[in-house]
């Protein structure tokens, strides 16, 4: 499967599977959201993971504003100081090589399809990039983009694309540079979180649901690849209806008799009550009992009170150090 990248520099949005910018991934990662900053280092033991280091800090309201087209950081010096505090809290002051996930909505990932795939590589790249422009509403020249060919679905060629606006990534690069960090892999938050299920190797479909103040992001995984990536922006009162509609769409349109083991497991990145509520919604939409996953189900040994919802993306990226 071909992997093509445009406007790639280091650090950059890069393929979470082919590691274009980071062939040797570190076991330390950072996750940035509008509300929290998390640094993590993992230790692998017999296929499971322990927390070696962890620092989680709350970000003052308004300091980071997630946007796909506008700079995110209101005060870069204040954010640099927060990173330093989180590093100290985690005992990671000397760590200089990391992976990173950006806030939900600041970088985007989508699955795009082509009805027919041209044999010419250049023509195929043009068609894929045209699809990305139409899907994201931005000129390809204004973005850093990576995309990877996935397995075909119902006879149509599919690609996973990740993108970040040049003006957005420039700010994060300055912050990382001022900290002296080498950040070789930067991805959207949802792909960092999805890595926990992508690495499981299960044949059955699975879903990662990540709740945030603007709505939710969902990644439906088939085997070791994303099948659908969806970002939904909606009022908090409409979250349940929107999620239910998405899962009915999956049930009616994405299940095929010859290719899928129906979805049975969901990892919800949210509070305990939200995990229960959306787990029940999933069972209702699919008309069967489903399994709500926690850290213990995905190979992470951690205190039940640890704020997994704030470091899930960083942890998922850190697991990639072990392939």
Listed by range, strands (runs of 3 or more DSSP E) wholly within region 221-303 having at least 2 residues that are in contact (Cβ under 8 Å) with a residue 60 or more places away in the chain are 225-233, 261-269
How many residues of region 173-204 are more than 17 Å from the chain's Cα centre (by Cα) and farther than 14 Å from residue 226 by Cα? The answer is 10
How many residues of region 71-81 are touching a residue at least 40 places away in the same chain (Cβ under 8 Å), in a loop (DSSP other than H, G, I, E, B) and touching a strand residue (DSSP E or B) at 6+ places or on another chain (Cβ under 8 Å)? The answer is 1
Worksheet item: Residues in region 270-283: is at least one in contact with a helix residue (DSSP H, G or I) (Cβ under 6 Å, 6 or more places away or on another chain) and either closer than 22 Å to residue 56 by Cα or at pLDDT below 95 (or both)?
Response: yes
Exercise for review: With respect to residue 95, determine if the residue is more than 25 Å from residue 322 (Cα to Cα), touching a strand residue (DSSP E or B) at 6+ places or on another chain (Cβ under 7 Å) and outside any strand (DSSP E or B).
Suggested key: no
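Restricting the search to region 112-126, which residues are part of a helix (DSSP H, G or I) and surrounded by fewer than 18 Cβ atoms within 10 Å (Cβ to Cβ)?
Residues of region 112-126 part of a helix (DSSP H, G or I): 121-126.
Hits for region 112-126 are 121, 122, 123, 125, 126.
Scan region 176-192 and give yes if some residue there is within 23 Å of residue 255 (Cα to Cα), part of a loop (DSSP other than H, G, I, E, B) and touching a strand residue (DSSP E or B) at 6+ places or on another chain (Cβ under 8 Å), otherwise no.
Taking region 176-192 as the starting set, the residues that turn out to be within 23 Å of residue 255 (Cα to Cα) are 190-191.
Narrowing the set further to residues that are part of a loop (DSSP other than H, G, I, E, B) leaves none.
No: region 176-192 contains no residue that is within 23 Å of residue 255 (Cα to Cα), part of a loop (DSSP other than H, G, I, E, B) and touching a strand residue (DSSP E or B) at 6+ places or on another chain (Cβ under 8 Å).
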Residue set 131, 139; condition out of contact with any helix residue (DSSP H, G or I) (no Cβ under 9 Å at 6 or more places or on another chain) and either within 21 Å of residue 191 (Cβ to Cβ) or surrounded by fewer than 17 Cβ atoms within 10 Å (Cβ to Cβ) (or both); output residue 131
Counted residues in region 26-70 being surrounded by fewer than 22 Cβ atoms within 10 Å (Cβ to Cβ), in a loop (DSSP other than H, G, I, E, B) and touching a strand residue (DSSP E or B) at 6+ places or on another chain (Cβ under 9 Å) come to 11
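The values are calculated or read from the model by the stated rules, or taken from the named source; none is laboratory data. Note that the structure is predicted; figures quoted are calculated from it, not measured. No Cβ is skipped: glycine too gets one built from the backbone with ideal geometry, and neighbour counts run over all protein chains shown.
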